[in-house]
Amino acid sequence: MILYYTLGNTDILKLHKTAFLCSRKCPADVVLKSYDWAIERREKGDCVISGFHSKIEKDVLHYLLKGSQPVILALARGFKKRLEPELKKALDDKRLLIITPFEEKVKRVTSETSARRNRLMAEVADEIFVAYASKGGNLEILASDILKTGKLIHYW
């Protein structure tokens, strides 16, 4: 079990949670499918957990924050000193939980901190959605490890 810090509505952890993962570089059709997936999750009111770090993940967060469903942001660093206004609003509305396995002194995102964050997301989530995993990349390796646990993973 990975220990982590929280900021926001921890009751969100009691909900069914789907992790959204996508390699930084992905085909254009994956981008469009991911937008549609995010809008569908938003309309269903599903709780999504992600690092929302890459461009596509930030776009997915943008679509999710337009709704009212809960969202979990998993950081690959310690908590930020200042939050973007849309995150602050979601926190104030009690529909956002921010989690991180790192103390505040960890300021930089690295491949190592991202891998640890992704493992935390996989542990916290009830199911995983992998929009795209680069061949031989860290996400493909993580997905292979998750499959061994019996946790449900969806792909396109």
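All of the numbers you see were taken from the coordinates with simple rules; none came from a lab. Just so it is clear, the structure is predicted and the values come from calculations on it, not from any experiment. Cβ: placed from backbone, ideal geometry, glycine included. Neighbour counts: every protein chain shown.
Under 5 Å between amide hydrogens, built in the peptide plane, is the criterion, and for Y5 it picks out T100, F102 among residues at least 5 positions away or on other chains.
Here the 3J(HN,Hα) profile of the range 86-93, calculated from phi with Karplus coefficients 6.51, -1.76 and 1.60 at θ = phi - 60°, is 5, 6, 4, 5, 5, 5, 4, 7 Hz, Gly and Pro shown as x.
Here the translational diffusion coefficient of the chain follows from Stokes-Einstein with Rh set to the Kirkwood radius across Cα pairs; for 20 °C and 1.002 mPa s it amounts to 138 µm²/s. Here the calculated FRET efficiency for R82 and E104, from their Cβ-Cβ distance with R0 = 22 Å, stands at 0.95, rounded to the nearest 0.05.
Here is how the number arises for the chain: DSSP H runs of 4 or more residues each give -39500 (n - 2.57), the sum is divided by the residue count, and the result at 222 nm is -12500 deg cm²/dmol. FRET efficiency for the pair R24 and E112, taken as 1/(1 + (r/R0)^6) with r the Cβ-Cβ distance and R0 = 22 Å, rounds to 0.90. Summary value for the chain: 31 percent relative contact order, contacts being C-alpha pairs under 8 angstrom separated by 6+ residues. Once you order the gyration tensor axes a ≥ b ≥ c over the Cα atoms, which shape class does the range 73-156 get: rounded for a/c under 1.5, otherwise prolate or oblate by comparing a/b with b/c? Taking the square roots of the gyration eigenvalues as a ≥ b ≥ c, the range 73-156 is prolate.
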